[in-house]
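Q: Below are the structure tokens for one structure; questions will follow.
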């Protein structure tokens, strides 16, 4: 199941056991802070008007590896750079990015712009982050 992430800088807390042998599929809804054409990568941060969830859900309990910078989470977009809508890489744009997290980096395989969200839609997204897998 894809896990929805609304606070990109908290990804290492949400998936502390992520590794190359244990990857997680994530969907990040966030705001673009920076585009680096040399890597290529985006730095994503939490949307400013997303309500704070009560607690950060932790899926695993082992050591975590820090992948976020002070301003946001850097994600790799080299596999989708050719298909990206130019509006996606503009700082301030809101994006829906899906990729695989391996404990050190999120490798994006789908990234598209999304329209402005209403407060009600954001509250629904926060509730969706609390959904659990049934095993």
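The values are calculated or read from the model by the stated rules, or taken from the named source; none is laboratory data. As the structure is a computational prediction, the values presented were derived from the model and not from experiment. Please note: Cβ atoms are built from the backbone with ideal geometry, for glycine as well, and neighbour counts cover all protein chains shown.
Q: Is it the case that residue 13 is farther than 11 Å from residue 73 by Cβ and part of a helix (DSSP H, G or I)?
A: yes
Q: Condition first: touching a residue at least 60 places away in the same chain (Cβ under 8 Å) and surrounded by 11 or more Cβ atoms within 10 Å (Cβ to Cβ). Now tell me which residues in the stretch 109-130 satisfy that.
A: 111, 114, 117, 122, 123, 125, 126, 128, 129, 130, listed by residue number.
Q: While we're here: Condition first: surrounded by 13 or more Cβ atoms within 10 Å (Cβ to Cβ) and at pLDDT below 90. Now tell me which residues in the stretch 52-86 satisfy that.
A: 53, 57, 58, 59, 60, 64, 65, 67, 68, 69
Q: Can I ask one more? Could you run through the stretch 87-105 and say how many residues are surrounded by 15 or more Cβ atoms within 10 Å (Cβ to Cβ) and in a helix (DSSP H, G or I)?
A: Matching residues across the stretch 87-105 total 2.
Q: Taking the conditions exactly as written (over 20 Å from residue 1 (Cα atoms), in contact with a helix residue (DSSP H, G or I) (Cβ under 9 Å, 6 or more places away or on another chain) and either modelled with pLDDT under 95 or part of a strand (DSSP E or B) (or both)), does residue 47 satisfy them or not?
A: In short, yes.
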